[in-house]
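Presented below is the structure to which this report refers.
Please treat every number below as a calculation from the coordinates, not as lab data. If you're wondering where the values come from, they're calculated on a predicted model, not measured in any experiment. Counting neighbours? That spans all protein chains shown, and the Cβs are built from the backbone with ideal geometry, glycine included.
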Amino acid sequence: MKFLSIPMDARAAAEALLEKRGAGRYSLGILCLCGFGWMSDGAENVVLSYMLPTLEDLWSLSPGQLGAMSTAIYFGQAAGATFWGALADAGGRRPVFLLSLALTVLFGVASSAAPGFYTYCMLRLATGFAIGGAAVLSRRPGRGPSRDA
């Protein structure tokens, strides 16, 4: 496959413009938001490794119930990635990304106050669904067919 190459004079002009402009508040804000999307995706494994043994003791869970908790989160992420990607294609990447980040926080905080196994599983499913969007949409911004890319 042949890749598109950028002429050296255009590349040099773009690099000079970026060097002159520098990284401002907007650039740092985008970096932080995308970083949160990646972090929420990556932290899910760490959260599980700490939460499962604690909840196993607290709620007297069986190995099957522990497996259901893990499955709920990862199923939510897979379904969320598909849903949020399609929604971003239709409505634009930025608003969909911000909505998925807000829902990640909302459902994540709500799951910390879950009173029991079934509520916790449903809230972690919803958290995984939201993380699926944040994880997919924070990668390679500006690529793909979305309108505001």
With the condition kept exactly as written, say whether any residue in region 32-46 is over 22 Å from A126 (Cα atoms) and not charged (D, E, K, R).
yes
Of all residues being surrounded by 14 or more Cβ atoms within 10 Å (Cβ to Cβ), over 11 Å from the mean Cα position of the chain (by Cα) and among the small types (G, A, S) in region 86-122, which is farthest from V136 (Cα to Cα)? Just the residue, please.
A114
Going by the conditions given, is S49 closer than 19 Å to M122 by Cα, part of a helix (DSSP H, G or I) and in contact (Cβ under 8 Å) with a residue 12 or more places away in the chain?
no
